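Enquirer: Below is a structure I'd like to ask you about.
The values are calculated or read from the model by the stated rules, or taken from the named source; none is laboratory data. Remember, it's a predicted structure, so these values are computed and weren't measured experimentally. So basically every Cβ, Gly included, is an ideal-geometry build from the backbone, and we count neighbours across all protein chains shown. Heads up: the accessible areas ignore ligands, DNA and RNA and are worked out on the full protein's heavy atoms, side chains in. Shrake-Rupley method; radii C 1.70, N 1.55, O 1.52, S 1.80 Å.
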2 protein chains.
Amino acid sequence: MIGFSDTFGSRATIIFLFICLALVQNPAFGAKTRHFKWAVESMYWSPDCVENVVIGINGQFPGPTIRALAGDTISVELTNKLNTEGVVIHWHGIRQFGTPWADGAASISQCAINPGETFVYRFKVDKAGTYFYHGHYGMQRSGGLYGSLIVDLPEGEKEPFHYDGEFNLLLSDWWHKSSQLQEVDLSSKPFRWIGEPQTLLMNGRGQYNCSLAAAQFINSSSSICEFRGNEPCAPQILHVHPNKTYRLRVTSTTALASLNLAIGNHKLVVVEADGNYVQPFSVDDMDIYSGESYSILFTTDQDPSKNYWISLSVRGREPKTPQALTILNYFPTSASKLPTSPPPIAPLWNDYNHSKAFSNKIHARMGSAKPPTTYDHRIILLSTQNRIDGYTKWAINNVSLVLPATPYLGSIKYGLKNAFDHKNPPEDFPSDYDVMKQAPNPNSTYGNGVYMLSFNSTVDVILQNANALAANVSDIHPWHLHGHAFWVLGYGEGKFTKEDEAKFNLKNPPLRNTAVIFPYGWTALRFVADNPGVWAFHCHIEPHLHMGMGVVFAEGVDRVRKVPNDALTCGLTGKMFLNNKGH
Amino acid sequence: MIGFSDTFGSRATIIFLFICLALVQNPAFGAKTRHFKWAVESMYWSPDCVENVVIGINGQFPGPTIRALAGDTISVELTNKLNTEGVVIHWHGIRQFGTPWADGAASISQCAINPGETFVYRFKVDKAGTYFYHGHYGMQRSGGLYGSLIVDLPEGEKEPFHYDGEFNLLLSDWWHKSSQLQEVDLSSKPFRWIGEPQTLLMNGRGQYNCSLAAAQFINSSSSICEFRGNEPCAPQILHVHPNKTYRLRVTSTTALASLNLAIGNHKLVVVEADGNYVQPFSVDDMDIYSGESYSILFTTDQDPSKNYWISLSVRGREPKTPQALTILNYFPTSASKLPTSPPPIAPLWNDYNHSKAFSNKIHARMGSAKPPTTYDHRIILLSTQNRIDGYTKWAINNVSLVLPATPYLGSIKYGLKNAFDHKNPPEDFPSDYDVMKQAPNPNSTYGNGVYMLSFNSTVDVILQNANALAANVSDIHPWHLHGHAFWVLGYGEGKFTKEDEAKFNLKNPPLRNTAVIFPYGWTALRFVADNPGVWAFHCHIEPHLHMGMGVVFAEGVDRVRKVPNDALTCGLTGKMFLNNKGH
């Protein structure tokens, strides 16, 4: 009895100490605050074997991967070491409940962090999933400011699928022209298009002047790449053992390119999209639009004496960028042994039926939360390419977004009248607008109005695509919503009509934070405006956003508690407080 | 009598109205406030016939010329239309009495103006002279942010020299690499030198791929330029009539190059330096360092059936940049007729005796204000090239300046303790330091301390040059002081000693705002700390300043009246007021 009691006593002490420790760390049992100290700095790097300058974090490109457990708090103390540029970081897919000022959207949630200054991003990652982070000021994402953010289930909880190991691929596209020059191009009169990316990158690694595949396999005169393996542009090879199942996390932070991913000879089973479980389905290749993330499972059931290609190709635009390749390397085969078969052939760039088929396969995993069956507020957003005073722009319901100098979160919270246009932006477009044709008058106007959403209301957004400025052109636009996940109720062709509502999927629509509109089509989304704050909703193609393709939603801003001072020291909020001081 | 009285009456009315109008315009009779509205924006331009991006103002490069009368107030409402970069403008040579916050030095007098925001520079131009303005944040001056500022004598006052017409040449140097990339180069480990400029510009115009002079005249394979005349890189031809005297205002805002200017077959008579009259003297060619301005007179006494070269050459660094040329075109000769003689041959780049001879010819015009005969405070500033953690830097008394996030003017005025290092920076260097040799230990430290000067005290600064990191190298450094003019008491060779004081010129030293230190030499300056504010004093070579070659002076900050809020919304001043608000 003494022995038992002793054991019990020390166990109790250990448990007590553990509880104390946990409480010190975080009031939520088991959850931790994970601290990071980051310096953002321009630096030389060779992402595609061509020396260039990237925006790095702590000397790394892409930035460090953050890994945390659901329920943890992330604290990133970010110092801007750029010379003259402000900086912010958006935590893509993290909803920022209770911390809207940490969303990292310049002019919306905070003032850009000035050179030499430090801002602390402190927020909770409440849901396991595959996320990423990136710059959200000017075109700094194009400049290389991005990295991965992976949230695992809390200890003791299990994924609803099995895997033996995992990999992470952060996908991006890369130009040899600096993002600053790209910004000037896009803002020039006459307009200068930045062109297609020179290289596609996987985890910041690509090859511009050479190819991993032998010349007979690829339609180019590139020589075969030779790597020692420690080059910044050496491919990230995926080393696997036979007869195992692997989870591949895939995220696209491309500035422009829509992508198609395939693993030669292997099926891909999609299990997660944007941090939400989906009903597993199997494909040979998958499309990934900028702003999206997926987890796929693949099983190493092929001949282990061979290696296999992992390929990445451009979709939705006539591809002028070579396929990116890396190798799935089976143990014990040498990683330097090239696959014997050619790299996977991507679907034709404009085979939209293939893309739509993929999108339509994505359903919420059984048992997922269902959307409200009705909506309180419907907003129809027409995406058009336009001209304003000779400049080429994108506009939503004929308004091209120009962000104000004062972030909306502060100006709405503190009732500043002159920080932005308080007239409600249009919630529809003229009924006679023909989305299938060039607009007879493509003029539009600049604007910075806000869609004010009633707190906790159910909002439907119908994203309506249209013909661009050129005849017979309608682009793909992946739209990303900050602060929320939305249900994707459906995709349709042509102009959305009231009758299309009957086709909405209210049974098992997937939750996403990014959804594409296909050329000449519409996409219907539903979300609940339950997150006090101000939230960007925009095309995730960075040049399109730069050219005005976005809107701003606000909800329950009166419920937002004290916004940290550091987020407000610019524009009219900065001056407001200074004026109140009256020194 | 009635007629006379009538005339008298209407004259009196007119005079009365005129006085009223003048009083409305400005309390100082006759002085005006001149309003300007500027937008700073990156834009495509071809300064040297090669397309590139410059920082322009209102679509112009260089920015618009400001012309005012002494006593006028300038009001520039500047909107930053850059995408992600802050901006400020320094009014080089304007002392900013009573308006130290308008000096336009980022981190010193104000917060950088954020993108989308507007700041009003309002200041008095109290002294006639030839000035200029330029960016003073990061290396935006290298990026093309500059223009001319010319202050004429008030109506009724006359210059102490005669001229029939005038021209203005703003001189600069131009790289094909962007200033952002240059900043990254200079901040890289290992260090990357930006190299010599590709082109020298006169009023923003230069020729990279061709030469105005026939091939037999120049040591290059360049072809002869062909211009229609309306190209942005077409040379600015100076059209003159025979037998007249012209005033040529010359200003150098080069990032790096020291220059030599000559007009073939014509003598140059120097009459003004940095907005101060000098005793006229005649030369065949003249050196101009970055940050300096001059007025010279030349007389068109040559054969009017010919044209003549105006040439600009690099001094003080082994020249890898072609001579810049334009044409002095005599009426009625055609401007397209090339001079028959070769362009002026510049002195050898390292003929420092020629340079020193020119500097030593500059004396204050008779009757100018004399310096105090004694000083209250002497500061000796040793300029060295150093290494810190593998980075290449410049340092003053072994401290390499890194500007703080909070501008000094606000942090000193409001007594903020943590905005910068309050320890006094060193006022001398170790007596055993051998300025003629490489330092045995070239390590230095970063710092941001301030030299606190007693208000109205007379300050001597001895600028001491030394050997750089490489053996047998000692660079030229033109030092520029904000907020003041100083008397240049003398130049000397080797290490300054107490005995050198005997050689000081206290009789007619010229007043300047920029003075050069020659290789391995010293330069002695004297000024009265009579301008409440915080003032940069730095090498005007932009890469050197970027690498830490500057110090900060503060005087009478308690006498500074309310600093405009707009200058303070960053760093700790921004947060201070927000915290006081306590919302």
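Enquirer: Would you check the accessible area of B:Arg192, probe 1.4 Å, heavy atoms only, in square angstrom rounded to 10?
Expert: We get 70 Å² for B:Arg192.
Enquirer: Which residues of segment A:77-116 end up with at least 20 Å² less accessible area in the presence of all protein chains than when their chain stands alone, using a 1.4 Å probe?
Expert: A:Asn83, A:Thr84, A:Glu85, A:Asn114, A:Pro115
Enquirer: A follow-up question, please. Distance cut-off 23 Å, Cα to Cα: go down the list A:Lys81/A:Lys393; A:Lys575/B:Lys32; A:Lys356/A:Lys393; B:Lys437/B:Lys495; B:Lys393/B:Lys417; A:Lys37/B:Lys423 and report the pairs above it.
Expert: The pairs that break the limit, which is 23 Å between Cα atoms, are A:Lys81/A:Lys393; A:Lys575/B:Lys32; A:Lys356/A:Lys393; B:Lys393/B:Lys417; A:Lys37/B:Lys423.
Enquirer: Just to be sure I understand: of the beta bridges DSSP finds with both ends in segment A:428-583, what percent are antiparallel, rounded to 5?
Expert: Here the antiparallel bridges make up roughly 90 percent for segment A:428-583.
Enquirer: Please work out how much accessible surface B:Thr65 shows to a 1.4 Å probe, ignoring ligands, DNA and RNA, in Å² rounded to 10.
Expert: Around 80 Å² of this residue is reachable by solvent.
Enquirer: What is the calculated FRET efficiency for B:Asn443 to A:Leu469, with r their C-beta to C-beta distance and R₀ = 41 Å, to the nearest 0.05?
Expert: About 0.10, to the nearest 0.05.
Enquirer: Which distances in nm, rounded to one decimal and ordered from shortest, link the label point of B:Asp558 to the equivalent label points in the other identical copies, with labels set 7 Å from Cα toward Cβ?
Expert: Spelled out, the distances from B:Asp558's label point are 4.9 nm.
Enquirer: Additional query: Which chymotrypsin sites (Phe, Trp or Tyr not before Pro) in segment A:236-283 sit in a loop by DSSP (not H, G, I, E or B) and have at most 11 other Cβ atoms within 10 Å of their own Cβ?
Expert: Counting only loop positions with at most 11 other Cβ atoms within 10 Å, none of the chymotrypsin sites (Phe, Trp or Tyr not before Pro) in segment A:236-283 qualifies.
Enquirer: Could you please state, rounded to a whole Å, how far the C-alpha centre of segment B:424-438 is from the C-alpha centre of segment A:346-412?
Expert: Centre-to-centre (Cα) distance: 64 Å.
Enquirer: Moving on. Under a point spin-label approximation (7 Å from Cα along Cα-to-Cβ), what is the A:Asp152-B:Glu427 distance to one decimal in nm?
Expert: In this crude label model, A:Asp152 to B:Glu427 measures out at 6.1 nm.
Enquirer: Then there is this: Run the helix sum for the protein assembly as shown: -39,500 (n - 2.57) per DSSP H stretch of 4+ residues, divided by residue count, reported at 222 nm to the nearest 500 deg cm²/dmol.
Expert: About -3500 deg cm²/dmol.
Enquirer: Net charge around B:Thr99, counting only other residues with Cβ within less than 12 Å of its Cβ (Lys, Arg = +1; Asp, Glu = -1)?
Expert: On the way: positive: B:Arg95, B:Arg122, B:Lys124, B:Arg561, B:Lys562; negative: B:Asp103, B:Asp126.
Charge balance near B:Thr99 sits at +3.
Enquirer: Give the nm distances, rounded to one decimal, from B:Ser336 to the matching residue in every other copy, measuring between label points 7 Å along Cα toward the beta carbon; shortest first.
Expert: So the distances to the same position in the other copies read 6.6 nm.
Enquirer: Excluding ligands, DNA and RNA, what is the solvent-accessible area per residue of the protein assembly as shown at a probe of 1.4 Å, expressed in Å²?
Expert: Details: 44980 Å² over 1166 residues.
Accessible area per residue: 39 Å².
Enquirer: Same structure again: Using a ≥ b ≥ c from the Cα gyration tensor of chain A (square roots of the eigenvalues), is it rounded, prolate or oblate, where a/c under 1.5 gives rounded and otherwise the larger of a/b and b/c decides, a/b for prolate?
Expert: It is rounded, given that a/c, with a ≥ b ≥ c, falls under 1.5.
Enquirer: So, one more: With every protein chain in place, what's the accessible area of B:Tyr44 (1.4 Å probe, Å², nearest 10)?
Expert: 40 Å²
Enquirer: When the solvent-accessible surface of protein heavy atoms is calculated with a 1.4 angstrom probe, in what order do A:Asp428, A:Asp48 fall, highest first?
Expert: Ranking A:Asp428, A:Asp48 by accessible area, largest first, yields A:Asp428, A:Asp48.
Enquirer: Then there is this: Once you put a point 7 Å from the Cα of B:Asn209 and another 7 Å from the Cα of A:His241, both along the Cβ direction, what distance in nm separates them?
Expert: Placing both labels 7 Å along Cα→Cβ, they lie 6.2 nm apart.
Enquirer: Indicate the helices, whole DSSP H runs only, in chain A that combine a mean Kyte-Doolittle hydropathy of -0.5 or more with a Cα extent along their long axis of 24 angstrom or more. Walk me through the numbers on the way to the answer.
Expert: Details: long enough: A:2-25 (34 Å, 1.48).
Helices meeting the span and hydropathy rule in chain A are A:2-25.
Enquirer: Classify the protein assembly as shown as rounded, prolate or oblate from the Cα gyration tensor: take a ≥ b ≥ c as the square roots of its eigenvalues, call it rounded if a/c is under 1.5, otherwise prolate when a/b beats b/c and oblate if not. Write down the numbers at each step before the final one.
Expert: Working: a/c = 1.77, a/b = 1.76, b/c = 1.01.
Cα axes put the protein assembly as shown in the prolate bin.
Enquirer: Moving on to the next point. Compute the signed sum of charges (Lys and Arg +1, Asp and Glu -1) over the other residues within less than 10 Å, Cβ to Cβ, of B:Ser290.
Expert: -2
Enquirer: How big is the dipole moment of segment B:151-214 about its Cα centre under a simple scheme where the beta carbon of each Lys and Arg is +1, that of each Asp and Glu is -1, and everything else is neutral? Debye, nearest 20, please.
Expert: Dipole magnitude for segment B:151-214 comes out near 640 debye.
Enquirer: Leaving ligands and nucleic acids out of the surface, order B:Arg561, B:Arg315 by accessible area at 1.4 Å, largest first. Each step should come with its number before you reach the end.
Expert: On the way: B:Arg561 155, B:Arg315 5 Å².
Sorted descending by solvent-accessible area, the residues read B:Arg561, B:Arg315.
Enquirer: Which residues make up the longest stretch of chain B clear of GluC sites (Glu not before Pro) that lie in a DSSP loop with no more than 16 other Cβ atoms within 10 Å, not counting the sites?
Expert: Here the longest run is B:227-426.
Enquirer: Out of A:Trp487, A:Leu416, A:Pro190, whose Cα points farthest toward the positive end of the dipole of the protein assembly as shown (charges: +1 Lys, Arg; -1 Asp, Glu; placed on Cβ)?
Expert: Towards the positive end, the residue furthest out is A:Leu416.
Enquirer: Can you list, shortest first and in nm, the gaps between the label point of A:Gly156 and those of its counterparts in the other copies, using a point 7 Å from Cα in the C-beta direction?
Expert: 9.0
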